[in-house]
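To start, the structure under review is shown below, and the notes come after it.
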Amino acid sequence: MYVLASSSSNFLVPDGTFIAEFIAFLIIVGVIAKWILPPLNKAMQARQEEIRTSLEAAETARAEAAEASTQRQETLDEARRQAREIVAAANKAAERINAQAEERGRLEYDRLVARAEAEIVSARQRAVDEVSSKVGALVISVARQVIGREIDEASHRALIDEAVAALRGSVGTSSSGSQV
């Protein structure tokens with residue numbers, strides 16, 4: 001059976017094993033501090049520097065990307081503005097061309113109507129002249145038959161012209177009242 005430790009072995013008092021362990025511990029700490037920690041610290045500092053450089057590069061890239069995005073947006077806005085201007089100019093040109101075409105069409109219509117009216121007036125005048133000459137000849141023929149003798153056309157020309165003028169006047173008033 002075991003015997004309880006005597007009062008001479010106090011755990012608070014160091015003995016020879018403790019001192020040997022303490023010296024071994026100090027030697028290991030010294031070796032670690034002398035040969036292991038400096039390369040480890042250099043590697044950690046290099047890694048920190050690499051991370052810092054990467055963070056700076058990332059920040060620079062982010063700033064450049066934001067600037068490029070802003071420039072792209074400005075360029076896009078400018079292109080849209082120019083496109084709107086081009087469309088507006090094209091619309092104005094189309095409206096102007098349309099108005100010119102309408103004006104040319106209206107002028108051509110007016111010209112054709114005026115020409116047709118002139119042709120109608122000319123045809124009417126020719127018809128009146130033709131009818132007048134035929135009526136004059138008919139009057140002379142009828143008068144010959146009625147009177148039974150030859151009427152001298154030269155001596156009675158004033159009478160015929162007066163009848164033709166009266167006929168023209170009656171035809172002119174009846175045809176001008178029927179114009180649209």
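The values are calculated or read from the model by the stated rules, or taken from the named source; none is laboratory data. Here the structure is a predicted model, which means the values were calculated and not measured.
Based on what the data block shows, is S54 polar (S, T, N, Q) and at pLDDT below 95?
It is false that S54 is polar (S, T, N, Q) and at pLDDT below 95.
Restricting to the range 120-135, give me the number of residues that are over 23 Å from L159 (Cα atoms) and not small (G, A, S).
3
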